[in-house]
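The values are calculated or read from the model by the stated rules, or taken from the named source; none is laboratory data. All values derive from a computational prediction rather than experimental measurement. Every residue, glycine as well, gets a Cβ built from its backbone with ideal geometry; the counts of neighbours run over all protein chains shown.
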Amino acid sequence: MYKKTVMALTSAGLIFAAACSNGGGAGQPAGGPSPGGSTTAPNAQSTEPVKLTFYSFGVSLTDADFDYLFVQPLKKKFPNVTLDWIKSGTGAMPEDLVAAGNIPDIVFTPSPRLSNYYKLGIPYDLTEMVKGQSVDMNKFDAVVLDNIRQYAGKGELLGLPYTVNYAALYYNKDLFDSFGVPYPTDGMDWDRTIELARKMTGMQNGKQIRGLDPGHFTAVGSGLSLSFVDAKTNKALINSDEWRRATRLIEDMYRIPGNEFSKDRDTPNKSRNAFLKDRNIAMYAYWANGMLGLFEEMEQKGEKFNWDMVTLPNFKEALGKNRTANSQLMTISSTGKHKDVAFQVINYLTSDEAQTILARTGRLPAVSKPEILKSYGADLKSLQGKNAAIVSKTKPASFHPTAYDDIVNTILENAIKDVVSGKKDANTAHREAEEQANKEIAAEIARTAK
């Protein structure tokens with residue numbers, strides 16, 4: 001059975017949820033008519049008691065986060081709704097909920113999960129609701145919205161973005177001080193970053209200090225908006241000059257004497273631990289959602305770490321672009337009986353008021369108005385005095401997602417690992433990876449067609 005947390009929203013009736021992935025299949029697919037509930041959200045708020053189910057999957061959300069971001073703001077806005085929180089886990093995966101007929105009213109999920117939700121027929125096309133409520137869609141980044149639409153079969157709007165993840169280059173100030181090297185700066189390209197890594201690699205007090213770790217290998221290519229799969233042919237695109245260029249850049253990082261690839265950091269999580277705990281990595285590139293919470297946890301425990309961050313490096317021609325658009329979004333169920341109320345909830349959560357509350361927690365709001373970004377990280381003690389202004393200095397890179405990206409991403413990540421560990425050259429690794437990817441895509445297409 002799924003784990004549930006029930007909370008009453010003693011305020012005018014709405015709830016939070018963030019986007020499902022993949023439509024078509026069980027229930028009513030996105031864009032089609034659906035039983036129960038109307039298709040446009042009224043402006044008037046009902047005072048009739050309503051219970052909404054809210055499902056979070058693939059996002060980091062604590063009880064405290066849930067209360068601060070959703071329960072408390074919604075209490076002030078809408079009075080009569082009870083929020084029934086379904087947490088993902090054993091027996092509560094999306095497929096389990098669909099099979100049991102327990103499709104949540106609202107779903108909170110990362111955009112890359114949308115392909116799966118779309119196949120399951122979970123998300124409802126919000127196009128008409130957005131028009132009916134005259135929602136200002138220009139407040140969202142066009143690249144982020146386009147990314148969400150591309151997960152749908154016919155360009156449906158499967159959800160509204162709530163927060164956008166971004167990556168940064170984190171660095172250990174104490175290591176830079178001890179090496180006598182100036183700190184990294186915003187706007188660096190990868191070549192300059194690698195040169196800085198050379199200066200920051202060496203022995204210190206008997207410990208090997210490594211200058212740079214790129215985190216996820218395939219993320220380096222995302223700065224160039226490189227796709228994994230051709231959406232029209234369902235063929236892998238990873239044996240290309242540009243993907244090989246990204247791999248050779250990573251090779252250059254690991255060719256620095258003392259910064260070689262090793263088993264103690266052969267995954268991003270191991271590298272992150274080496275940066276945060278062992279403190280033997282000078283610079284580390286990673287998603288903010290995977291770092292800022294850990295910095296704050298260390299701060300609360302009294303664990304001192306002298307760190308800061310700068311904009312994520314990129315190739316010279318792509319400076320100003322971050323990694324590809326990766327949002328956490330809210331969607332509503334195609335079979336829900338309270339679509340109007342659910343839509344009012346997710347619409348409110350993209351309001352300036354709710355987005356400012358979100359920004360204070362160190363999450364980049366989907367509505368990135370200057371007046372909202374001024375509050376970024378205000379509630380995080382660990383961010384005080386840090387270079388938080390980087391959130392407005394880069395934009396998400398465009399991207400053309402497909403339902404098979406996860407398959408190809410895993411294959412390519414392993415292929416690049418073979419290159420940097422010296423097992424294969426880049427040409428061989430990419431050629432073999434694309435061949436393997438095409439076989440696995442074909443197998444997945446055949447499996448889902450049954």
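On the given criteria, is L145 within 30 Å of E95 (Cβ to Cβ) and part of a loop (DSSP other than H, G, I, E, B)? Criteria not met by L145.
Of all helices (runs of 4 or more DSSP H) completely enclosed by the stretch 168-259, which ones contain at least 1 residues that are under 30 Å from T448 (Cβ atoms)? Before the answer, list the steps.
Working: elements: 173-179, 190-199, 218-222, 241-254.
In the stretch 168-259, the matching helices (runs of 4 or more DSSP H) lie at 218-222, 241-254.
If you scan the stretch 241-273, which residues turn out to be farther than 14 Å from F315 by Cβ and in contact (Cβ under 8 Å) with a residue 60 or more places away in the chain? Before the answer, list the steps.
As a first pass, look at the stretch 241-273 and keep what is farther than 14 Å from F315 by Cβ: 251, 254-273.
Answer for the stretch 241-273, where residues must be farther than 14 Å from F315 by Cβ and in contact (Cβ under 8 Å) with a residue 60 or more places away in the chain: E251, Y254, I256, N259, F261, D266.
Being surrounded by fewer than 19 Cβ atoms within 10 Å (Cβ to Cβ), modelled with pLDDT of 85 or more and not hydrophobic (A, V, I, L, M, F, W, C) is a property that S134 has.
Being in contact (Cβ under 8 Å) with a residue 40 or more places away in the chain and over 16 Å from V310 (Cα atoms) is the filter; apply it to the stretch 180-209 and report the residue that is surrounded by the most Cβ atoms within 10 Å (Cβ to Cβ).
Taking the stretch 180-209 as the starting set, the residues that turn out to be in contact (Cβ under 8 Å) with a residue 40 or more places away in the chain are 183-194, 196-198, 200-203, 207-209.
Subsequent filtering for residues that are over 16 Å from V310 (Cα atoms) retains 198, 200-203, 207-209.
On the way: R198: 18, M200: 25, T201: 21, G202: 16, M203: 9, K207: 10, Q208: 13, I209: 20.
Looking at residues that are in contact (Cβ under 8 Å) with a residue 40 or more places away in the chain and over 16 Å from V310 (Cα atoms), I get M200.
Could you pull out the residue among A446, A429, A403 that is out of contact with any strand residue (DSSP E or B) (no Cβ under 8 Å at 6 or more places or on another chain), touching a residue at least 60 places away in the same chain (Cβ under 8 Å) and more than 26 Å from S111 (Cβ to Cβ)? Spell out how you get there, then give the answer.
Working: A446 fails: touching a residue at least 60 places away in the same chain (Cβ under 8 Å); A403 fails: more than 26 Å from S111 (Cβ to Cβ).
Every option except A429 fails the conditions.
If I ask for residues that are basic (K, R) and either in contact with a Cys (Cβ under 6 Å, 6 or more places away or on another chain) or surrounded by 23 or more Cβ atoms within 10 Å (Cβ to Cβ) (or both), which ones from the stretch 303-338 would you list? I'd like the intermediate steps shown before the answer.
Applying the first criterion (basic (K, R)) to the stretch 303-338 yields 304, 316, 321, 323, 337.
R323 - this is the single residue of the stretch 303-338 that is basic (K, R) and either in contact with a Cys (Cβ under 6 Å, 6 or more places away or on another chain) or surrounded by 23 or more Cβ atoms within 10 Å (Cβ to Cβ) (or both).
I'd like to check something: does the stretch 35-49 contain any residue that is modelled with pLDDT under 85, closer than 21 Å to L145 by Cβ and buried (at least 18 other Cβ atoms within 10 Å of the Cβ)? Scanning the stretch 35-49, I find at least one residue that is modelled with pLDDT under 85, closer than 21 Å to L145 by Cβ and buried (at least 18 other Cβ atoms within 10 Å of the Cβ), so the answer is yes. Only residues that are in a loop (DSSP other than H, G, I, E, B) and more than 17 Å from Y170 (Cα to Cα) were counted across the stretch 268-302, and they come to 1.
Name the one entry in D105, D84 that is under 20 Å from G336 (Cβ atoms), touching a residue at least 24 places away in the same chain (Cβ under 8 Å) and in contact with a His (Cβ under 7 Å, 6 or more places away or on another chain). Explain how you work it out, then say what you get.
Values: D84 fails: in contact with a His (Cβ under 7 Å, 6 or more places away or on another chain).
Every option except D105 fails the conditions.
The lone criterion from (1) over 21 Å from S368 (Cβ atoms); (2) in contact (Cβ under 8 Å) with a residue 40 or more places away in the chain left unmet by Q72 is number (2). None of N239, N259, N280 is at pLDDT 95 or above, among the polar types (S, T, N, Q) and in contact with a Ser or Thr (Cβ under 7 Å, 6 or more places away or on another chain) except N259.
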